[in-house]
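I have placed the structure first, in the form of structure tokens, so that the comments after it can refer back to it.
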Amino acid sequence: MLKKHFYKIAYLSWMVFVTWSSLFSFKDTDLPKFEIPYLDKAVHFTFYFMAVVLGMMAVREYSKGRADYRKSLFYTFLAMLFFGIIIEVVQYAFTLDRTGDIFDGVANAVGALFGVLAIKLLFSRNGRLNWKQ
């Protein structure tokens, strides 16, 4: 049964992780402090890249490949854009230690766009996977 729902569980787990990581305050933790320039932008990129990839795989799994590929890709991308914007607004308006940042939003969008490109390569004619199962 777990194998049958792998991507749905992975996608939902990933989105919970992204939400928690975006809203949790790491200020008073004993985590080591790294000073790597633009590391947070790379993290945002990765969050939304993986969200699109896992989201599309979950749609494919759920619909057994019967959902329209292009519409699914468009709506998954759009959902990730809106989710990223909402998270940035919530950080700005409702958290004390986190701040919404337009450049984080840009990194989210670029990550989602690269996720779309990765899915297009994965399911292209010469790709390894077929959309229809």
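Relative to the longest principal axis of the Cα atoms of the chain, the long axis of helix 6-23 makes an angle of roughly 20 degrees. At the residue level, Leu129 shows approximately 50 square angstrom of accessible surface with a 1.4 angstrom probe and all protein chains present. Taking each DSSP H run with n ≥ 4 as -39500 (n - 2.57) and averaging over every residue of the chain yields -23500 deg cm²/dmol at 222 nm. So how tilted is helix 69-94 from the main axis of the chain? Cα-based, degrees 0 to 90, rounded to 10. The angle comes out near 10 degrees. Beyond 18 Å, the tail of the calculated P(r) for the stretch 84-133 holds 50 percent of the Cα pairs.
Using every Cα-Cα pair within the chain, state what percent have a distance larger than 27 Å. Distances greater than 27 Å cover 26 percent of the Cα pairs. Report the net charge of residues surrounding Tyr38, where surrounding means a beta-carbon distance below 14 angstrom and charges are Lys +1, Arg +1, Asp -1, Glu -1. In short, -3. For the chain, the tally of Lys pairs with Cα-Cα distances below 20 Å comes to 15, considering only residues 8 or more apart or on different chains. Taking only protein heavy atoms and a 1.4 Å probe, the accessible area of the chain is 68% carbon and sulfur. With the Kirkwood sum run over all distinct C-alpha pairs, the stretch 61-108 has a hydrodynamic radius of 12.3 Å.
Between the amide H of Gly100 and those of Tyr92, distances stay under 5 Å, these residues lying 5 or more places away or on another chain, with hydrogens modeled in the peptide plane.
The values are calculated or read from the model by the stated rules, or taken from the named source; none is laboratory data. What you are looking at is a predicted structure, and each value in this text was computed from that prediction instead of being measured. Heads up, the Cβs are rebuilt from the backbone with ideal geometry, glycines too, and the neighbour counts pull from every protein chain shown. Calculation scope for accessible area: heavy atoms of the full protein, side chains included, ligands and nucleic acids excluded. Shrake-Rupley method; radii C 1.70, N 1.55, O 1.52, S 1.80 Å.
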